[in-house]
Amino acid sequence: MCIEGLSRDSHGEETTRLLLHLPRTVVIIGMMGVGKTVIGQRLAARLHVPFFDSDAAVEALSGCTVCDFFALYGEKAFRERERQIVIHLLSQQICVISLGGGAFMDPQIRAVIKAQAVSVWLKANLDILVSRTTGRMYSPRPLLLQGNPRTVLNFLLKERSPIYATADISIDSTDGSCERIVECVATALAKHFDSVKAAS
């Protein structure tokens with residue numbers, strides 16, 4: 001489901017209704033640099049539910065950054081820790097969760113999300129991803145240290161997009177302010193939950 005061209009009135013009506021009761025946890029997925037954390041934080045504030053970032057949760061539990069975890073223990077160990085944390089978060093109270101870019105590629109994580117939550121894919125083009133993940137102002141991304149960042153991002157985008165596309169909702173975050181994207185996500189969620197309710 002991709003929501004575009006929504007009016008301000010429709011945003012307000014749908015968002016107000018969604019604020020009354022969020023029936024499932026919302027999981028924000030997508031590539032590194034797409035804005036999952038900032039959109040997730042603002043969406044959680046809008047919906048008055050807790051927010052969790054899976055990478056931040058891994059760092060808190062491990063006592064080191066994601067980049068250091070990769071360097072010390074490798075990607076396989078990171079994915080195992082990530083899986084444990086994400087499944088734990090999904091078993092808790094209803095909330096908004098921002099997933100690391102590779103987490104949704106894990107079949108077990110996808111299965112638990114499908115059973116217990118609603119997934120939202122934030123999309124952006126390669127140029128946007130490169131601009132948001134490279135340069136001095138950005139923290140290093142472990143996977144981007146393995147080669148030319150643009151080449152790595154292009155490979156990951158092509159590899160992951162077919163899996164990301166299985167999400168319940170997709171939102172193009174290439175253009176527009178954070179507020180606009182949050183509005184689109186909230187409205188899409190309301191429409192999704194309405195359709196699920198109508199079909200049950």
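Quick note: the coordinates plus some simple rules give every number you see, no bench work behind them. The shown structure was predicted, so the numbers you read here are calculated from the model rather than taken from an experiment. Using ideal geometry, Cβ is built from the backbone for each residue, glycine included, and neighbour counts are taken over all protein chains shown.
Key figures for this structure:
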read-out: Anchor Lys197: lysines whose Cα lies under 25 Å away (excluding residues fewer than 8 positions away in-chain); value: Lys114
read-out: Mean separation of Cα contacts under 8 Å (6+ apart) over length of the stretch 22-170, as relative contact order %; value: 36 percent
read-out: Coordinate range along principal axes, alpha carbons of the stretch 24-189, Å, largest first; value: 38, 33, 28
read-out: Separation in nanometres of the label points that stand 7 Å from Cα toward Cβ, at Leu126 and Thr151; value: 1.3 nm
read-out: Built amide H within the under 5 Å cut-off of Gly100, gap 5+; value: Ser54, Asp55
